[in-house]
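Visitor: Below you'll find the structure I mean.
The values are calculated or read from the model by the stated rules, or taken from the named source; none is laboratory data. Remember, it's a predicted structure, so these values are computed and weren't measured experimentally. Methodologically, a virtual Cβ is constructed for each residue, glycine included, from the backbone with ideal geometry; neighbour enumeration extends over all protein chains shown. For the accessible areas, the whole protein counts, side chains as well, though only heavy atoms, and no ligand, DNA or RNA atoms are used. Shrake-Rupley method; radii C 1.70, N 1.55, O 1.52, S 1.80 Å.
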Amino acid sequence: MDRRDFLKAAGINAGALAVGMGLGAAPVAANGQRAARANPAGGASDIAVVGAGAFGGWTALYLREQGHAVALVDQYGAGNALASSGGESRQIRAGYGERELYTRWVLQAFERWEARQAEWGRKLFYRTGQLSLADAWSTSLASTRGSFDRLQVPYEVLDLDEVRRRFPQIATHDAAFGFYTPTTGVLKAREGCVAVADAFARQGGTVLDARVEPGRRRGRTLLELKRADGGTVQASQFVFALGPWLPKVFPALLGRKIQSPRRAVFFVATPPGDNSYSYPNFPTWSAGGAYGFPSVEGRGFKLAPRIDEVLVDPDTQDRHVKPHELAAAREFVARWFPGLRDQPLVDARICQYENSVDSNLIVDRHPEFDNVWVVGVAPATATSTGSCLASTWPTG
Ligand SMILES: Cc1cc2nc3c(=O)[nH]c(=O)nc-3n(C[C@H](O)[C@H](O)[C@H](O)COP(=O)(O)OP(=O)(O)OC[C@H]3O[C@@H](n4cnc5c(N)ncnc54)[C@H](O)[C@@H]3O)c2cc1C
């Protein structure tokens, strides 16, 4: 299977992914259910997925649900604080400019998150809606509008009077209009990763806590993963979904193709007794080069101001908030959300993006191996996205 077919299949179902990997699907039992292959503790799995972030977790779960024996390996565990998926929340936006493929995937992601939270009995996805304050019809925004028309994604173009009437909490400054998408939303990101890994384990998947790297090989076949503690993990196929760690594990292949800039996010307390900055009364938003979310479950009004984007190492970067980062957040709040100007900061998180050279996802075979896939990286732009897409990977 070539990459084009792989991506197509990946957007549809994980069984096709498995076939593409040369595994075939597990046999179908008399009751029509796919019989899961045993996932032997300590024995060889069909597939080892390294990385339990949004991409690896969903990949492992879908493959397990197709009946394969799957090991999910992570050095810090699902939902960990160092991973890009480990934040409190991430948005699912629908607009991707010219890259309509991602909008299509996002539309599937909405449905899948809704279905999974119902299946698991835990609330993970909040349909907040999304408001972008724009100063002009950029090429990207015009393309987004075209995609929305074609795909029947609801949206509204709001003049500034209407923005002020509906959302008096935000200052409009020199914006020309608002672009409002009512169906997008916010995911509880860290909790979502844990929920996916829990579901994977409940279905008999093997969860391993280990730092690994490619181990012995025979020709173009990777035979095993080498654990940092000296052991090995055996499998027939390997998926590396390492987010910002991809260039660390594959420096020659990806060192010049992926960069990980630092990103600070802040959470500001909403005023007492005032729910106008909280879900469902305020949408996710982008304005003045920043973006943010309403307070969800009382965790605080989130903002991610654009600050200097220094490149970082996800294992070792200093995750303390720096004074100039805090000052930028305070200044931004005062300018764009004057009603929150004096509200206390309740949380701040330092994370890192992983941006590819062409701002697209990387989903490909490792060129030196027939049984190794490399998966991940957000299709980032001014507002990044990735964790939402992972639910439709590898069905999306
Ligand atoms: C501040 C911030 C805001 C963001 N906002 C959004 C948003 O609103 N919407 C959105 O969709 N996306 C957003 N993103 C991007 C999104 O979070 C990421 O694209 C996505 O989470 C990446 O998932 P991943 O699974 O590829 O990587 P990760 O979540 O980083 O997972 C990689 C995992 O691999 C493990 N690992 C790495 N190396 C090894 C090894 N050698 N051995 C074992 N395990 C290993 C790590 O421990 C980690 O758990 C944001 C990112 C940041 C930083």
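Visitor: Too long at a 21 Å Cα-Cα cut-off: which of 226/248; 123/302; 248/302; 226/257? Show your work: numbers first, answer last.
Guide: Values: 226/248 15 Å; 123/302 19 Å; 248/302 30 Å; 226/257 24 Å.
Too far apart for the 21 Å limit: 248/302; 226/257.
Visitor: Leaving out ligands, DNA and RNA, and with a 1.4 Å probe, what % of the accessible surface on segment 122-207 is carbon or sulfur?
Guide: The value for segment 122-207 is 47 percent carbon and sulfur by accessible area.
Visitor: Now a separate question. Please list, by residue number, every one of the GluC sites (Glu not before Pro) in segment 235-331 that is coil in DSSP and has at most 16 other beta-carbon atoms within 10 Å. Kindly include the intermediate steps, with their values, before the conclusion.
Guide: On the way: sites: 297, 309, 325, 331; in loops: 297, 309.
Here the GluC sites (Glu not before Pro) that fit, given the DSSP loop and packing criteria, are 297, 309.
Visitor: Moving to a separate point now. Using a cut-off of 9 Å between beta-carbons, work out the net charge of the residues near residue 357 (Lys and Arg +1, Asp and Glu -1, residue 357 not included). Could you put the intermediate results ahead of the total?
Guide: Values: positive: 256, 257; negative: 358.
Net local charge, residue 357 excluded: +1.
Visitor: For the pair residue 218 and residue 174, what calculated FRET efficiency results from E = 1/(1 + (r/R0)^6), where r is the Cβ-Cβ distance and R0 = 56 Å, to the nearest 0.05?
Guide: 0.35
Visitor: Let me ask something else. Can you tell me the accessible area per residue over segment 85-182, all protein chains present, probe 1.4 angstrom, in square angstrom?
Guide: Details: 4370 Å² over 98 residues.
On a per-residue basis, segment 85-182 sits at 45 Å².
Visitor: Suppose accessible area is computed on protein heavy atoms with a 1.4 Å probe; arrange 254, 151 from highest to lowest.
Guide: 151, 254
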